[in-house]
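Asks: A single structure is presented below for examination.
The values are calculated or read from the model by the stated rules, or taken from the named source; none is laboratory data. In this text, all values refer to a predicted model and were calculated from it rather than measured experimentally. All Cβ positions, even for glycine, are placed from backbone atoms using ideal geometry, and neighbour counts span all protein chains on display. Side chains are part of the model used for accessible areas, which takes the heavy atoms of the whole protein and leaves out ligands, DNA and RNA. Shrake-Rupley method; radii C 1.70, N 1.55, O 1.52, S 1.80 Å.
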Amino acid sequence: MNRKLRMGMVGGGHDAFIGAIHRLAALMDNQIELVCGCFSINPEISIASGKSYYLPDKRIYTSYQEMIEKEAKLPEGERMDFVTIVTPNFVHFGPAMMALENGFHLVIDKPITFTLEEAKELKAKVEETGLTLALTHTYSGYPAVKEARERIRRGDFGKIRKVIVEYTQGWLSAKQEDMGNLQASWRTDPKRSGKAGCMGDIGTHAHHLAEYVTGLKTVEICADLNVFVPGRQLDDDGAALLRFDNGARGVLIATQIAAGEENALKIRVYGELGGCEWCQHEPNTLLVKWADRPTEIVRTGNAYMSYAAKLNTRTPGGHPEGYLEAFANIYRNFALAVRAKMTGTEPKPEWLDFPTVEDGIRGMQFIETVVESGYNNEKKWIDFRL
């Protein structure tokens, strides 16, 4: 198949933040091109956005239903190959299910759906159709994160005992949803965001990162959820104790009212022999710690990195890579896996290194479990096993 994959987009108009990130990431490796989209529920914004992306008028749609129906009728050599969904949470399931029913692969921004039940329906449809679904848990795309995962997987630190992951932001310290902030307005609205606020928005990222890096699965959660800003409908702060399937214990902190913090995602993992630490504010550095010798500073882009880390690194050591490149790694791996499927070949294992519908279900289960525990004064430890 000597061409780029053709992407259609639902959401991501010129007034949206995450849509631009998705487009930059998808196009970075020259594997994908944007060919169509419904970029907003507002027809005027969708049309204006599509024109600003230099799409032909006939490929700019005013509803996702129209887009999927018309694209499905186009010749195979013209229609889109997959749909990227970058809408608020409550508009994930409808276009995702319709895309799968019409034979299109999927990329969905996290969390995967509005409810756990919807996520399970999507999984059943993915299994029925054999199509590919990628979920953009961005932070699993960083080379240093993949390096940490490889070192844990090969047993460098012995049996893992402790996992500490924190995601602290301060942008919701004031009631931004009442100040015209569109990002805040839907994220704090249970009708559009779901039953969790901070924990659904960034807590799911922290939880996915903990499981991705360690390879462990959460089996029980004890949570505390808080609403600090008066009048806010959903949690803006929380913490959870985690029990993992190997007996390890974890602590997860997620807050959006840590005034002065930007996007301080950090994970520390400790085993019997040593541990590692990674922080998104310094994404190209992995600290490797030992019980019997000094801490090592591991830097991406160097020859000593693992194969997985090298494969997801674009520049030589000392040339910073960050959020966009991590995002692009998910799109590139997804594109390679889809291309293999479309040509009837077996994808290489490294191409399948992206979050899937299974991660989406675990994310929704995390939200369900954290909310159940956080607001339950009688039973705090809740079983997480699916």
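Asks: Hey, what does the equivalent ellipsoid look like for the chain, semi-axes from the Cα gyration tensor as sqrt of 5 times each eigenvalue, largest first, whole Å? All intermediate terms of the calculation are to be shown ahead of the outcome.
Replies: Numbers: eigenvalues 214, 137, 76 Å².
Equivalent ellipsoid of the chain: 33, 26, 19 Å, largest first.
Asks: How large, in percent, is the carbon and sulfur part of the accessible surface of region 1-78 at a probe radius of 1.4 Å? Show your work: numbers first, answer last.
Replies: Working: 2130 of 3920 Å².
Result for region 1-78: 54 percent of the exposed heavy-atom area is carbon or sulfur.
Asks: Just to confirm the number: angle between the C-alpha axis of helix 204-214 and the first principal axis of the chain, 0 to 90 degrees, nearest 10?
Replies: The answer is roughly 60 degrees.
Asks: Just to verify a number: what accessible area does LYS159 come out at with the full protein assembly present, 1.4 Å probe, Å² rounded to tens?
Replies: It works out to around 110 Å².
Asks: Just name one of ASN263, TRP290, GLN280: the one whose Cα is farthest towards the positive end of the charge dipole of region 246-299 (beta-carbon charges, Lys/Arg +1, Asp/Glu -1).
Replies: Comparing the listed Cα positions along the dipole, TRP290 ranks first.
Asks: Ignoring ligands and nucleic acids, what accessible area does MET305 show with a 1.4 Å probe (Å², nearest 10)?
Replies: Answer for MET305: close to 10 Å² accessible.
Asks: Order PHE90, PHE104, most accessible first, counting only protein heavy atoms with a 1.4 angstrom probe.
Replies: On the way: PHE90 100, PHE104 5 Å².
Result of the area sort, largest leading: PHE90, PHE104.
Asks: So how exposed is CYS279, as accessible area in Å² (1.4 Å probe, rounded to 10)?
Replies: Number for this one is 40 Å².
Asks: For LYS120, which lysines qualify as cross-link partners when the Cα separation must be under 19 Å and same-chain residues fewer than eight apart are set aside?
Replies: LYS110, LYS195, LYS217
Asks: Moving to a separate point now. Provide the per residue accessible area, probe 1.4 Å, for the chain, rounded to a whole number of square angstrom.
Replies: Values: 16150 Å² over 386 residues.
In whole numbers, the chain has 42 Å² accessible per residue.
Asks: Next question, about the same structure. Students sometimes get this wrong: rank HIS205, HIS281 by accessible area, probe 1.4 Å, all chains present, largest first.
Replies: Numbers: HIS205 15, HIS281 95 Å².
Sorted by accessible area, descending: HIS281, HIS205.
Asks: Moving on. Taking the Cα-to-Cβ direction at LEU182 and at GLU69 and moving 7 Å from each Cα, how far apart do the two end points lie in nm?
Replies: Each label point is offset 7 Å from its Cα along the Cβ direction, giving 2.6 nm.
Asks: Just to be sure I understand the model, the point goes 7 Å from the Cα along the line to the Cβ. What's the resulting GLU378 to ARG249 distance in nm?
Replies: Going from the GLU378 label point to the ARG249 one covers 2.7 nm.
Asks: Something else about it: Residues with amide H under 5 Å of VAL107's amide H, sequence separation 5 or more or different chain, H placed in the peptide plane at 1.01 Å from N; which?
Replies: Correct list: VAL83, THR84, ILE85, ALA134.
Asks: Which of the lysines could a cross-linker span from LYS51 if the Cα-Cα distance has to be under 26 Å and same-chain partners fewer than 8 positions apart are dropped?
Replies: The reachable lysines, counting only those whose Cα sits under 26 Å from LYS51, are LYS4, LYS70, LYS73.
Asks: What part of the accessible area of region 272-383, given as a whole %, is carbon or sulfur when the probe is 1.4 angstrom?
Replies: Working: 2970 of 5360 Å².
The computed percentage sits at 55.
Asks: Here's something else I'd like to know. Quick one: ranking LEU241, LEU55 by accessible area, 1.4 Å probe, largest first, what do you get?
Replies: Working: LEU241 80, LEU55 20 Å².
Ranked from most to least accessible, the order is LEU241, LEU55.
Asks: For region 253-266, just list the computed ³J(HN,Hα) in residue order, Karplus coefficients 6.51, -1.76 and 1.60, θ = phi - 60°, integers in Hz, with x standing in for Gly and Pro.
Replies: After applying 6.51 cos²θ - 1.76 cosθ + 1.60, I find 10, 9, 8, 10, 10, 7, 3, x, 7, 9, 8, 8, 8, 8 Hz.
Asks: State whether region 321-369 is rounded, prolate or oblate according to the following rule on the C-alpha gyration tensor (a ≥ b ≥ c being the square roots of its eigenvalues): a/c under 1.5 gives rounded; otherwise a/b larger than b/c gives prolate, and the remaining case gives oblate.
Replies: It is oblate, given that a/c is not under 1.5 and a/b is not larger than b/c.
Asks: How big is region 48-121 on each of its three principal axes, counting only the C-alpha atoms and giving the largest first in Å?
Replies: Taking max minus min along each principal axis of the Cα atoms, region 48-121 gives 37, 26, 16 Å.
Asks: In whole angstrom, note down how far apart the Cα centers of region 90-126 and region 1-57 are.
Replies: When both Cα centres are located, 19 Å separates them.
Asks: Which residues make up the longest stretch of the chain clear of GluC sites (Glu not before Pro) that lie in a DSSP loop with no more than 12 other Cβ atoms within 10 Å, not counting the sites? Could the numbers behind the result be given before it?
Replies: On the way: sites that count: GLU76, GLU78, GLU262, GLU272, GLU378.
The answer is 79-261.
Asks: Between LYS175 and GLU282, how many nm apart are label points set 7 Å from Cα along the C-beta direction?
Replies: Result for the modelled spin labels: 4.0 nm.
Asks: Calculate how steeply helix 43-52 sits against the longest principal axis of the alpha-carbon atoms of the chain, using the helix alpha-carbon long axis, and give the answer as 0 to 90 degrees to the nearest 10.
Replies: Tilt of helix 43-52: around 90 degrees.
Asks: Give the Kirkwood hydrodynamic radius (Å, one decimal) of region 165-278, defined as one over the mean of 1/r across all pairs of different Cα atoms.
Replies: On the way: mean 1/r = 0.0677 Å⁻¹.
Every distinct Cα pair counted, the radius reaches 14.8 Å.
Asks: Against the longest alpha carbon principal axis of the chain, how many degrees, from 0 to 90 and to the nearest 10, is the axis of helix 323-342 turned?
Replies: Here the helix axis deviates by roughly 60 degrees.
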